[in-house]
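The values are calculated or read from the model by the stated rules, or taken from the named source; none is laboratory data. From a predicted model like this one, the values you see are computed outputs, not experimental measurements. Here the Cβ positions follow ideal geometry from the backbone for every residue, glycine too, while neighbour counts run over all protein chains shown.
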Amino acid sequence: MPKAVICAFARTPQGKFRGALSKYSAVDLGTMVVKELMHRVKLDPKSGVIDQVYIGQVLQAGSGQAPARQVAINAGLPYSTPCTTINKVCGSSLKAVMIAASDIISGHANIVIAGGMESMSNSPYFIQNVRKGDDIEFSSLKSIMTHDGLTDAFDGTTMGMTGEIVSSEFNLSREQSDAYAVRSHALASAAWQNGWLASEVFEMEELKSDQGIRIGTNMDNLANLRAVFKEDGQITAGNSSQLSDGASAVLVCSEKTAVEHGWPVLAEILDYTTTGVEPKRVMIAPVSAVEDLLEKNDLNIMDIDILEHNEAFAAASVAVQMSLKVPEDRFNVHGGAVALGHPLGSTGTRCLMTAINALNRTGGRKGIVTICLGGGNAVAMLIERK
C-alpha cells in the first residue's frame with residue numbers, strides 16, 4: 001500500500017483583518033500559494049502531473065463558481081486538472097490533506113495539492129427574505145463572516161460564547177487565558193526572530209511576516225481589555241484568535257513518486273480522524289479526536305513530540321492541553337492563532353507545516369495536528385517526521 005508523504009509546503013504571511021493583505025481576494029491568495037508551492041519543487045504547472053487539487057474555503061460567498069478550480073487555472077495548471085473546494089469550517093484545509101492522503105494510499109493519485117485560503121476582510125454581506133421593491137437598509141444586512149464562519153447554525157451561539165462555555169466547564173480563570181495569550185505571542189515572536197517560521201512563508205510586497213504578532217504583550221495590557229461575549233466573562237480580543245487573511249498549501253505524494261522526482265520527504269501522514277461533541281462544546285472536541293488517534297495507533301500522549309492545536313481561543317487551548325496532559329515544551333511551541341491569526345479555510349495546513357517545522361527544530365518524530373470546527377466536530381492528523 002502506498003505511503004502518503006508531504007514533500008513541500010508554503011503559505012502567505014497572515015494579514016490582519018482589513019490589513020496588509022485585504023486588497024487580495026481569497027482566490028488571489030490561494031493562487032499565489034499554489035504557484036509558490038510548485039516553484040519550491042521546480043514543478044512545471046503545465047506538466048499535467050498534478051492528479052488533484054483540494055482547496056478549503058469557508059467564506060465562499062462572492063468568490064464565484066468553483067474557487068479551487070479558479071486557483072488551479074490561475075496558477076497555470078492544465079484545464080484537465082480535477083479540482084474540489086472544501087468547506088469543513090476551520091478544519092477545511094486539514095480535511096483537504098486527509099482526502100489527498102486517502103487518494104494516495106488508495107492508489108487513485110500520486111501527486112496532490114491540498115490547502116486552504118480565506119480573505120475574511122473581503123467576506124460580503126447578505127440579506128434574507130427580501131422581495132422586489134422592498135427598501136433595504138444597511139442595518140438589515142448580515143455579515144457572511146459572522147453568519148457562516150463564527151456562529152453556530154443550530155442555536156445561534158457565537159464561537160466566542162463557546163469559548164466562555166469551555167472556560168466555565170473547566171473552571172478556568174481570566175488570568176489563565178491571558179497568560180496563555182502572552183505565551184502565544186512570545187513564542188510566535190521568538191519563532192520569527194529565530195527564523196523557525198521562515199521556511200513556511202514567502203515574502204510579499206505588502207507583508208514579510210505574520211501581521212498579528214504583538215511584541216511585548218503582557219498580563220497588564222491584556223487585563224485592561226473587556227470581555228466581549230458575556231458580562232463578567234473572560235474572552236477578550238486579546239486572548240482570542242485573530243480574524244485574518246491568508247492561504248497555505250502542501251504537496252502530498254506517494255513516497256515512491258517523491259523519490260522518483262527527487263523531492264524531500266518532510267513527513268509521512270500516518271493516520272487521521274474526525275470526531276464530534278455537542279455543538280456548544282466544540283472547543284473541547286479536539287480531545288476526543290486526539291484520543292481516537294492515540295488509541296487506534298497504540299500510542300500514549302508522551303509518544304507525541306509535538307501537538308499543534310489551533311488556538312481558536314486561549315481558553316480552548318488551555319482546556320485541551322490540560323485534558324490531554326501535554327507537556328508545555330510539546331504544545332504549540334511556535335505560538336498559534338492567538339498571535340499568528342486564523343484565516344478560517346487556511347488554518348489546517350498552516351498548523352500542519354508549523355508542526356513539521358517544530359518537529360525538525362526539536363528533533364521530534366511524531367506529531368499531531370488538531371482543530372475544532374463549528375458544529376461540534378474536530379479533525380486530527382498524526383504525522384511522522386522523516
Within segment 2-24, identify whether any single residue is surrounded by 24 or more Cβ atoms within 10 Å (Cβ to Cβ) and part of a helix (DSSP H, G or I), and answer yes or no. no
Odd one out for residue 130, checked against (1) over 24 Å from the mean Cα position of the chain (by Cα); (2) of a type outside the set (Asp, Glu); (3) surrounded by 13 or more Cβ atoms within 10 Å (Cβ to Cβ): (3)
Leading residue by the ranking (farthest from the chain's Cα centre (by Cα)) among those in segment 133-175 that are surrounded by fewer than 12 Cβ atoms within 10 Å (Cβ to Cβ) and not hydrophobic (A, V, I, L, M, F, W, C): 133
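For segment 95-108, check the following and say yes or no: at least one residue is crowded, with 24+ Cβ neighbours inside 10 Å and either among the polar types (S, T, N, Q) or out of contact with any strand residue (DSSP E or B) (no Cβ under 6 Å at 6 or more places or on another chain) (or both). Quick ask: steps written out before the conclusion?
Filtering segment 95-108 down to residues crowded, with 24+ Cβ neighbours inside 10 Å leaves 95-98, 100-101, 104.
Right, trim to either among the polar types (S, T, N, Q) or out of contact with any strand residue (DSSP E or B) (no Cβ under 6 Å at 6 or more places or on another chain) (or both) and you get none.
Within segment 95-108, not a single residue is crowded, with 24+ Cβ neighbours inside 10 Å and either among the polar types (S, T, N, Q) or out of contact with any strand residue (DSSP E or B) (no Cβ under 6 Å at 6 or more places or on another chain) (or both).
Looking for something polar (S, T, N, Q), surrounded by 19 or more Cβ atoms within 10 Å (Cβ to Cβ), within 23 Å of residue 343 (Cα to Cα) and modelled with pLDDT of 95 or more - is there at least one such residue anywhere in segment 67-79?
Our first condition is that a residue be polar (S, T, N, Q); within segment 67-79, this holds for 70, 74.
If we keep only those that are surrounded by 19 or more Cβ atoms within 10 Å (Cβ to Cβ) too, we end up with 70.
Pick out the ones that are also within 23 Å of residue 343 (Cα to Cα) and you get 70.
Filter once more, so that each one left must be modelled with pLDDT of 95 or more: 70.
For segment 67-79, residues polar (S, T, N, Q), surrounded by 19 or more Cβ atoms within 10 Å (Cβ to Cβ), within 23 Å of residue 343 (Cα to Cα) and modelled with pLDDT of 95 or more: present.
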For segment 233-259, enumerate the residues that are surrounded by fewer than 17 Cβ atoms within 10 Å (Cβ to Cβ) and among the hydrophobic types (A, V, I, L, M, F, W, C). 237, 259
Condition check: over 23 Å from residue 200 (Cα atoms) and in contact (Cβ under 8 Å) with a residue 12 or more places away in the chain. Does residue 255 satisfy that? no
Which numbered condition in (1) among the β-branched types (Val, Ile, Thr); (2) in contact with a strand residue (DSSP E or B) (Cβ under 6 Å, 6 or more places away or on another chain); (3) modelled with pLDDT under 95 is the only one that residue 215 fails? (2)
Which listed residue is acidic (Asp, Glu) and modelled with pLDDT under 95, from 278, 231: 231
Could you grab me the full set of residues in segment 122-147 that are in a loop (DSSP other than H, G, I, E, B), out of contact with any strand residue (DSSP E or B) (no Cβ under 8 Å at 6 or more places or on another chain) and polar (S, T, N, Q)? 129
If you take the residues of segment 202-221 that are charged (D, E, K, R) and surrounded by 15 or more Cβ atoms within 10 Å (Cβ to Cβ), which of them is farthest from the chain's Cα centre (by Cα)? 206
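What number of residues within segment 16-35 are among the polar types (S, T, N, Q), touching an Asp or Glu at 6+ places or on another chain (Cβ under 7 Å) and within 20 Å of residue 50 (Cβ to Cβ)? Spell out how you get there, then give the answer.
Of segment 16-35, the ones among the polar types (S, T, N, Q) are 22, 25, 31.
Still in the list and also touching an Asp or Glu at 6+ places or on another chain (Cβ under 7 Å): 22.
Cutting the leftovers down to within 20 Å of residue 50 (Cβ to Cβ) gives us none.
The qualifying residues number 0.
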Just need a number here: residues in segment 44-85 that are in contact (Cβ under 8 Å) with a residue 60 or more places away in the chain and either assigned to a loop (DSSP other than H, G, I, E, B) or acidic (Asp, Glu) (or both). 8
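With the structure loaded, tell me whether residue 66 is at positive phi and in the same structural domain as residue 247 (by TED's automatic domain parsing) or whether it fails that test. Give the derivation first.
Numbers: at positive phi: yes; in the same structural domain as residue 247 (by TED's automatic domain parsing): yes.
So residue 66 fits the description; yes.
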Between a first residue in segment 260-283 that is under 21 Å from residue 114 (Cα atoms) and touching a residue at least 40 places away in the same chain (Cβ under 8 Å) and a second residue that is surrounded by fewer than 19 Cβ atoms within 10 Å (Cβ to Cβ) and of a type in the set (A, V, I, L, M, F, W, C), which pairs have beta carbons less than 7 Å apart while being 6 or more apart in sequence or on different chains? 263/41
Out of (1) under 23 Å from residue 347 (Cα atoms); (2) free of Cβ contacts under 8 Å to residues at least 40 places away in the same chain, what's the single condition that is false for residue 99? (2)
Only one of 274, 347 is in contact with a strand residue (DSSP E or B) (Cβ under 8 Å, 6 or more places away or on another chain), among the hydroxyl-bearing types (Ser, Thr, Tyr) and farther than 23 Å from residue 246 by Cβ. Can you tell me which? 274
